[in-house]
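Visitor: One structure, as structure tokens, below. Some questions next.
The values are calculated or read from the model by the stated rules, or taken from the named source; none is laboratory data. As the structure is a computational prediction, the values presented were derived from the model and not from experiment. A quick note on method: Cβ atoms are made from the backbone with ideal geometry, for glycine too, and the neighbour counts reach across all protein chains shown.
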Amino acid sequence: MAQCCGVHPRTLRDWRHEKHRMSYEALQRVCQKTNLSIPEEIPILSEFWHIRRAGRLGGWRRTELYGPPPATLESRRKGGRISCERFRANPTLAKACGFIIRKSIRRPRKSAQLAEFIGIMLGDGCISSRFQVGIAFNAKTDGAYGVYLQRLFWTLFGLSATIQRRVDSNGWTVVASSRTLVEYLQTLGLVIGDKVAHQVDVPEWIWARQSYQRACLRGLMDTDGSIYHYTHRVNGSVYAHAALCFTNRSQPLLSSVQRILSNHDFHSLRRPYQVYLNRQMEIQRYFQIIGSSNSKHLGRFQEYFFDRDPIKERCESLVDPAALEKR
């Protein structure tokens, strides 16, 4: 029988006493020799079915004999640090192993364009965490400006920013995810978290050149600024004017906006959370000297000062026709 199965007689006896399981090959030989079919009710296991269970039993037995494995919390930390250093030195290896590594960014020199970006961040921008930078905009009125912001991330830092859209709101956000970018922006004077709680201000390097000041002011006004027209009465007469207003809850930032305007010979008016330009000639000079990257502001400026005369139209709508007849 053992010769038929191709095994030693002792192995055959172990099968008989159910000490070990019979091989499938030996079963086939026996069935072929005896002209019997393989029983249907017996379980047929895959090759090396016992390896996992045997390894677990071996591990338990080793722990009983010699105690827990020699690895400690500190040794695992050391191994993790070594792996991180190795992946930083060889990003290709890290990517091949499926690890997410830091994005490399372009670190631009200080320039007017970078100063404008700083102004945008101080306005509607936010560094929400150590890994993400976002700039909010109104999708309905500032859609073109949102695309401009998306391109600005690529132009300055070589990063692809995405626009997070909301179905229930027009408040969309341009988002760039990069820990390296967050750390770089911190070196430029920006902070992580609530800008009002930190009472943020214009970074010192912006004051080095007037071109930086103008660009930073442009970014601030394009995000937290507005241009509109209003009416008021003086001695019974109705007057209408255009106004340029910057609104923010950071007092140091309001003071800096007023300082930049003063450095360029603008006469501004300060309120608790606003800085105004009311003089019509100065508003026109503002758009000539400072300018705007937001098409909404440019469109309103064009409409108020060149396309039509809304101030005159507003005044005529408020004048009593009977008073004109009496005159």
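Residue by residue, here is whether (1) in a loop (DSSP other than H, G, I, E, B); (2) assigned by TED's automatic domain parsing to the domain that holds Arg279; (3) not acidic (Asp, Glu) holds:
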position: Asp222; (1), (2), (3): no, yes, no
position: Tyr239; (1), (2), (3): no, yes, yes
position: Ala243; (1), (2), (3): no, yes, yes
position: Arg249; (1), (2), (3): yes, yes, yes
position: Leu253; (1), (2), (3): no, yes, yes
position: Leu261; (1), (2), (3): no, yes, yes
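Visitor: Please find, within region 259-316, the residue that is modelled with the lowest pLDDT out of those that are among the hydrophobic types (A, V, I, L, M, F, W, C) and over 14 Å from Ala243 (Cα atoms). Let's see the steps before the verdict.
Guide: Filtering region 259-316 for residues among the hydrophobic types (A, V, I, L, M, F, W, C) gives 260-261, 266, 269, 275, 277, 281, 283, 287, 289-290, 298, 301, 305-306, 311, 315.
Cutting the leftovers down to over 14 Å from Ala243 (Cα atoms) gives us 260-261, 289-290, 306, 315.
Details: Ile260: 97, Leu261: 97, Ile289: 95, Ile290: 96, Phe306: 82, Cys315: 43.
The qualifying residue modelled with the lowest pLDDT is Cys315.
Visitor: On to the next question. Among the numbered conditions (1) in contact (Cβ under 8 Å) with a residue 60 or more places away in the chain; (2) closer than 19 Å to Arg259 by Cβ, tell me where Glu204 comes up short.
Guide: If we test Glu204 against (1) in contact (Cβ under 8 Å) with a residue 60 or more places away in the chain; (2) closer than 19 Å to Arg259 by Cβ, just (1) comes out false.
Visitor: Something else: Can you tell me which condition Arg233 does not meet? The list is (1) in a helix (DSSP H, G or I); (2) surrounded by fewer than 23 Cβ atoms within 10 Å (Cβ to Cβ); (3) not hydroxyl-bearing (Ser, Thr, Tyr), and all the others hold.
Guide: For Arg233, the exception is condition (1).
Visitor: Say we look at region 183-210 and pick out the residues that are touching a helix residue (DSSP H, G or I) at 6+ places or on another chain (Cβ under 6 Å) and within 15 Å of Pro108 (Cβ to Cβ); which of these is surrounded by the most Cβ atoms within 10 Å (Cβ to Cβ)?
Guide: Ile206
Visitor: On the basis of being out of contact with any Lys or Arg (no Cβ under 9 Å at 6 or more places or on another chain) and of a type in the set (Asp, Glu), does Glu204 make the cut?
Guide: Yes; evaluated as a whole, the condition is true for this residue.
Visitor: Determine if region 60-69 includes at least one residue that is surrounded by 11 or more Cβ atoms within 10 Å (Cβ to Cβ) and either at negative phi or touching a helix residue (DSSP H, G or I) at 6+ places or on another chain (Cβ under 8 Å) (or both).
Guide: Yes, because at least one residue in region 60-69 is surrounded by 11 or more Cβ atoms within 10 Å (Cβ to Cβ) and either at negative phi or touching a helix residue (DSSP H, G or I) at 6+ places or on another chain (Cβ under 8 Å) (or both).
Visitor: Would you mind stating whether Trp172 is of a type in the set (Phe, Trp, Tyr), touching a helix residue (DSSP H, G or I) at 6+ places or on another chain (Cβ under 9 Å), surrounded by 13 or more Cβ atoms within 10 Å (Cβ to Cβ) and free of Cβ contacts under 8 Å to residues at least 12 places away in the same chain? Give the derivation first.
Guide: Numbers: of a type in the set (Phe, Trp, Tyr): yes; touching a helix residue (DSSP H, G or I) at 6+ places or on another chain (Cβ under 9 Å): yes; surrounded by 13 or more Cβ atoms within 10 Å (Cβ to Cβ): yes; free of Cβ contacts under 8 Å to residues at least 12 places away in the same chain: no.
Considered against the rule, which asks whether it is of a type in the set (Phe, Trp, Tyr), touching a helix residue (DSSP H, G or I) at 6+ places or on another chain (Cβ under 9 Å), surrounded by 13 or more Cβ atoms within 10 Å (Cβ to Cβ) and free of Cβ contacts under 8 Å to residues at least 12 places away in the same chain, Trp172 comes out as no.
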